[in-house]
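Colleague: Input: one structure, supplied below.
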Amino acid sequence: GGGAAGSVAEDGGPPAPQRVLFPPTFSVSEIKNKQRRHFMFLRWKQQQRKEKLAAKKKRRKEREALGDKAPPKAIPKTIENQRVYDETTVDLNDEEVAFDEATDEFAPYFNRQTVPKILITTSDRPRGRTVRFCEQLSTVIPNSHVYYRRGLALKRIIPQCIARDFTDLLVINEDRKIPNGLVLSHLPDGPTAHFRMSSVRLRKEIKRKGKEPTEHVPEIILNNFTTRLGHSVGRMFASLFPHDPQFIGRQVATFHNQRDYIFFRFHRYIFKSEKKVGIQELGPRFTLKLRSLQKGTFDSKFGEYEWIHKRREMDTSRRKFHL
Amino acid sequence: SSQVVWDVLGNKQFCSYKITTKTQNFCRNEYNLTGLCNRSSCPLANSQYATIREEKGRCYLYMKVIERAAFPRRLWERVLLSKNYEKALEEIDENLIYWPRFIRHKCKQRFTKITQYLIRIRKLTLKRQRKLVPLRRKIERREKRREEKALIAAQLDNAIEKELLERLKQDTYGDIYNFPIHAFDKALQQQDAESESESDAEKEEEDDEDMDKREFVEADDSELSDFEDMDKLETSSEEEQEEEEEVEKKASRSKSKGKTPLKGPARRKRPYIEIEYEEETEPSTKTKAA
């Protein structure tokens, strides 16, 4: 190929090279033959890798050479590091938040005025897997009762529940024989959260599991609920369990929020020593993703929604999370 | 000529409305009375034919006679049937008077079936319907992938273990686990590191307690943490401290001290020290290092 492109007719006289001419490069993607193109691409890739390795070695040598004066190691970027700052993040000492929490619907629970009593039910005609999941869930959550829903409308059973002193209603929605949704409604007029549930594992599907969960009240761990929304969801989960865990039981229920996915696990722990604890997973596990949070009890048509997950607006950035 | 039509379409050659299965032939023609492919049920092969069809919840009787065979546009005559079941049956009878028995009978049967399923539709719409929401494949895949990555990033086991150890350190478990010395030293170190200007009284007190422990006295451990925040147990350290305190739960927990089925291997032996008193008499016991 000619390398003299561009310097012709600059002056009209002898072509004085006023610009630097680069040698003709070729890009791998312009080769028409697929096999050859593939081959050239692999070769290019290998070259890149070699260069990267060499650069790394050089950096390491420099680092060792400098010894103590070396600049600190660069922190790798993770999604959690790069998370877009959410202005509703809760400070630990925020008074407004504290005040809100003292007066919201969970205040009676946290003041120990109410004892949680949970009603677990499913959508119509539950299949075996869902039924078993409900049973296992009721062993995990103390003071919970499973009732079959035989075609009853939620709006009608809610007043009945309130009359019988239930504090929370948990509806597990099923689709194609697997549970895929969860509606958690705090009863006397409390918020309703609708989750999408995925990766449900029943007890028998968990490897290396322990014995059945006992009747002791488990402890609770709530991780990573940072924003206001996350805070209220966390309190909602906390209000499912009785306030006073029984440490003899050595059971712990964990709700861990990571990138808007809430992972639920149920473990039995034992302290082998000061610094070591062993945990053994019992009980079902599942992950939840919040879809909507409604202010009143479950009412899909006229309810007042505090937060709905709108895919188009909220899923635009990969570094933005809401919980 | 209907016989000719049947000979051609029915059994021998191709009919586009015919569906064959192993045991039976079906007819897909929308004017077919029974749905099967028979000589008497084929609307193409019978010049005199009638059907019942429903549109938007109302039933109509369609009739085809040989006189209109030349006018395809006017071929099928349509009669609206009344909503009343018996009256509609009478209307069918009077419209199909002098028609073959087979067609009359099948028409009435079809009409009955149609009204029954219309009733069922109306009943079902009153009950709660399952709302079918279409899944979007791309989104489902994306969510699944993100969930997997989040799971890996979460490192759940580590997080839970860390949290439990934190709680142990913060002495939320109180009396149950007997690793007091270490935690105590740690607490000491912490205090040293944080504020050296703290009151000496406190320090001395702690030293005393330390000594106490080493003297093999049944320490009460109630000076250490208190069940300050039961609420700490349910909220992670990131949530703010609850103002409420709970004190009466201590009783139940110290009761639980009795049951320690698995604390055998976890139980630490206290270092056994005997204090040697300098006296005239030779001490008979040896001291062991701490």
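The values are calculated or read from the model by the stated rules, or taken from the named source; none is laboratory data. Note that this is a predicted model, so its numbers are computed, not measured. As a convention, Cβ positions derive from the backbone with ideal geometry for all residues, glycine included, and neighbour counts pool all protein chains shown.
Colleague: A:Asn93 versus (1) in contact with a strand residue (DSSP E or B) (Cβ under 9 Å, 6 or more places away or on another chain); (2) part of a loop (DSSP other than H, G, I, E, B); (3) polar (S, T, N, Q): which is the lone unmet condition?
Modeller: (1)
Colleague: Determine which single condition A:His309 fails, assuming it passes every other condition in (1) more than 12 Å from chain B (Cβ to nearest Cβ); (2) closer than 25 Å to A:Tyr85 by Cβ; (3) not aromatic (Phe, Trp, Tyr).
Modeller: Going through (1) more than 12 Å from chain B (Cβ to nearest Cβ); (2) closer than 25 Å to A:Tyr85 by Cβ; (3) not aromatic (Phe, Trp, Tyr) one by one, A:His309 breaks only (1).
Colleague: Over 20 Å from A:Phe266 (Cβ atoms) and either at pLDDT below 85 or basic (Lys, Arg) (or both): which single residue out of A:Arg164, A:Arg203 fits that description?
Modeller: Details: A:Arg203 fails: over 20 Å from A:Phe266 (Cβ atoms).
The match here is A:Arg164.
Colleague: Scan the range A:40-73 for residues that are charged (D, E, K, R) and closer than 30 Å to A:Phe26 by Cβ and jot them down. Steps first, answer last, please.
Modeller: Keep residues of the range A:40-73 that are charged (D, E, K, R), which gives A:43, A:45, A:49-52, A:56-64, A:68-69, A:73.
The answer is A:Arg43, A:Lys45, A:Arg49, A:Lys50, A:Glu51, A:Lys52, A:Lys56, A:Lys57, A:Lys58.
Colleague: Okay, next question. Any chance the range A:274-283 includes a residue that's within 13 Å of the chain's Cα centre (by Cα), away from chain B (no Cβ under 11 Å) and crowded, with 19+ Cβ neighbours inside 10 Å?
Modeller: no
Colleague: Evaluate the following for A:Gly128: is it under 30 Å from A:Lys177 (Cα atoms) and among the small types (Gly, Ala, Ser)?
Modeller: yes
Colleague: Looking at (1) out of contact with any strand residue (DSSP E or B) (no Cβ under 7 Å at 6 or more places or on another chain); (2) surrounded by 10 or more Cβ atoms within 10 Å (Cβ to Cβ), which one does A:Lys73 not meet, given that it meets all the others?
Modeller: Failing condition for A:Lys73: (2).
Colleague: Moving to a separate point now. Would you confirm, using the coordinates I've provided, whether B:Ala159 is touching an Asp or Glu at 6+ places or on another chain (Cβ under 9 Å), at pLDDT 90 or above and among the aliphatic types (A, V, I, L, M)?
Modeller: Spelling it out, it is not the case that B:Ala159 is touching an Asp or Glu at 6+ places or on another chain (Cβ under 9 Å), at pLDDT 90 or above and among the aliphatic types (A, V, I, L, M).
Colleague: One residue is enough: does the range A:73-90 have a residue meeting the conditions out of contact with any Leu (no Cβ under 8 Å at 6 or more places or on another chain), facing chain B (nearest Cβ under 10 Å), over 23 Å from B:Leu151 (Cβ atoms) and of a type in the set (Gly, Ala, Ser)?
Modeller: Checked against the condition, which is being out of contact with any Leu (no Cβ under 8 Å at 6 or more places or on another chain), facing chain B (nearest Cβ under 10 Å), over 23 Å from B:Leu151 (Cβ atoms) and of a type in the set (Gly, Ala, Ser), the range A:73-90 yields no hits at all.
Every residue, every condition in (1) surrounded by 20 or more Cβ atoms within 10 Å (Cβ to Cβ); (2) outside any strand (DSSP E or B), yes or no:
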| residue | (1), (2) |
| --- | --- |
| A:Ile157 | no, yes |
| A:Val171 | yes, no |
| A:Leu184 | yes, no |
| A:Pro213 | yes, yes |
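Colleague: Collect the residues in the range B:130-166 that are part of a helix (DSSP H, G or I) and more than 8 Å from chain A (Cβ to nearest Cβ), keeping them in residue-number order.
Modeller: B:Arg137, B:Lys138, B:Glu140, B:Arg141, B:Arg142, B:Arg145, B:Glu148, B:Ile152, B:Asn158, B:Lys162, B:Glu166
Colleague: Moving to a separate point now. Would you pick out the residues in the range A:284-318 that are of a type in the set (Asp, Glu) and assigned to a strand (DSSP E or B)?
Modeller: If the condition is that a residue be of a type in the set (Asp, Glu) and assigned to a strand (DSSP E or B), then A:Glu306 is the only one that fits.
Colleague: All but one of (1) over 17 Å from A:His267 (Cβ atoms); (2) modelled with pLDDT of 90 or more; (3) out of contact with any helix residue (DSSP H, G or I) (no Cβ under 8 Å at 6 or more places or on another chain) hold for A:Gly230, so report the exception by its number.
Modeller: Every condition holds for A:Gly230 apart from (2).
Colleague: Select, from B:Lys64, B:Lys144, the only residue that is more than 50 Å from the chain's Cα centre (by Cα), farther than 30 Å from A:Gly278 by Cβ and basic (Lys, Arg). Step through it out loud before you land on a result.
Modeller: On the way: B:Lys144 fails: more than 50 Å from the chain's Cα centre (by Cα).
It is B:Lys64.
Colleague: Related question: Among A:Phe263, A:Phe237, A:Phe247, which is part of a loop (DSSP other than H, G, I, E, B), of a type outside the set (Asp, Glu) and either over 13 Å from the mean Cα position of the chain (by Cα) or facing chain B (nearest Cβ under 7 Å) (or both)?
Modeller: A:Phe247
Colleague: Going residue by residue through the range B:42-61, is there one that turns out to be among the hydroxyl-bearing types (Ser, Thr, Tyr), under 15 Å from B:Cys107 (Cβ atoms), touching a Ser or Thr at 6+ places or on another chain (Cβ under 6 Å) and outside any helix (DSSP H, G or I)?
Modeller: Residues of the range B:42-61 that are among the hydroxyl-bearing types (Ser, Thr, Tyr), as a first pass: B:47, B:49, B:51, B:60.
If we keep only those that are under 15 Å from B:Cys107 (Cβ atoms) as well, we get B:49, B:51, B:60.
Imposing the further condition that a residue be touching a Ser or Thr at 6+ places or on another chain (Cβ under 6 Å) reduces the set to none.
The answer is no; no qualifying residue exists.
Colleague: Additional query: Can you confirm whether the range A:146-162 contains a residue that is in contact (Cβ under 8 Å) with a residue 40 or more places away in the chain and either over 30 Å from B:Gln129 (Cβ atoms) or among the hydroxyl-bearing types (Ser, Thr, Tyr) (or both)? First the steps, then the outcome.
Modeller: In the first step, residues of the range A:146-162 are kept if they are in contact (Cβ under 8 Å) with a residue 40 or more places away in the chain; the result is A:154-155, A:158, A:161.
This time we only want the ones that are either over 30 Å from B:Gln129 (Cβ atoms) or among the hydroxyl-bearing types (Ser, Thr, Tyr) (or both), so: none.
Looking through the range A:146-162, none of the residues is in contact (Cβ under 8 Å) with a residue 40 or more places away in the chain and either over 30 Å from B:Gln129 (Cβ atoms) or among the hydroxyl-bearing types (Ser, Thr, Tyr) (or both).
Residues are listed down the side, and each one gets a yes or a no for (1) crowded, with 16+ Cβ neighbours inside 10 Å; (2) of a type outside the set (D, E, K, R); (3) modelled with pLDDT of 85 or more; (4) over 30 Å from A:Leu282 (Cβ atoms):
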| residue | (1), (2), (3), (4) |
| --- | --- |
| A:Asn93 | no, yes, no, yes |
| A:Ala107 | no, yes, no, yes |
| A:Thr122 | yes, yes, yes, no |
| A:Arg129 | no, no, yes, no |
| A:Leu137 | yes, yes, yes, no |
| A:Gly151 | no, yes, no, yes |
| A:Gln160 | no, yes, yes, yes |
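Colleague: Among the residues of the range B:170-177, is there at least one that is at pLDDT below 75, within 7 Å of another protein chain (Cβ to nearest Cβ) and in contact with a strand residue (DSSP E or B) (Cβ under 8 Å, 6 or more places away or on another chain)?
Modeller: Looking through the range B:170-177, at least one residue is at pLDDT below 75, within 7 Å of another protein chain (Cβ to nearest Cβ) and in contact with a strand residue (DSSP E or B) (Cβ under 8 Å, 6 or more places away or on another chain).
The rows are residues; the columns are (1) in a strand (DSSP E or B); (2) on the phi > 0 side of the Ramachandran plot; (3) in contact (Cβ under 8 Å) with a residue 24 or more places away in the chain.
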| position | (1), (2), (3) |
| --- | --- |
| A:Gly67 | no, yes, no |
| A:Pro71 | no, no, no |
| A:Pro108 | no, no, no |
| A:Thr121 | yes, no, yes |
| A:Leu137 | no, no, yes |
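Colleague: Also: Could you list all residues from the range B:100-129 that are surrounded by 11 or more Cβ atoms within 10 Å (Cβ to Cβ) and within 14 Å of chain A (Cβ to nearest Cβ)?
Modeller: Within the range B:100-129, B:Arg128 is the sole residue that qualifies.
Colleague: Same structure, new question: Of the residues that sit in the range A:109-120 and are surrounded by 14 or more Cβ atoms within 10 Å (Cβ to Cβ) and away from every other protein chain (no Cβ under 11 Å), which one is modelled with the lowest pLDDT?
Modeller: Selected residue: A:Thr114.
Colleague: Filter the range A:284-306 down to the residues that are among the basic types (Lys, Arg) and within 10 Å of chain B (Cβ to nearest Cβ), then identify the one that is nearest to A:Ala253 (Cα to Cα).
Modeller: A:Arg285
Colleague: Between residues in the range B:71-95 that are in a helix (DSSP H, G or I) and residues that are of a type in the set (Phe, Trp, Tyr), which pairs lie under 8 Å by C-beta distance while being six or more apart or on different chains?
Modeller: From residues that are in a helix (DSSP H, G or I), the pairs are B:Ala88/B:Phe111; B:Leu89/B:Phe111; B:Ile92/B:Phe111.
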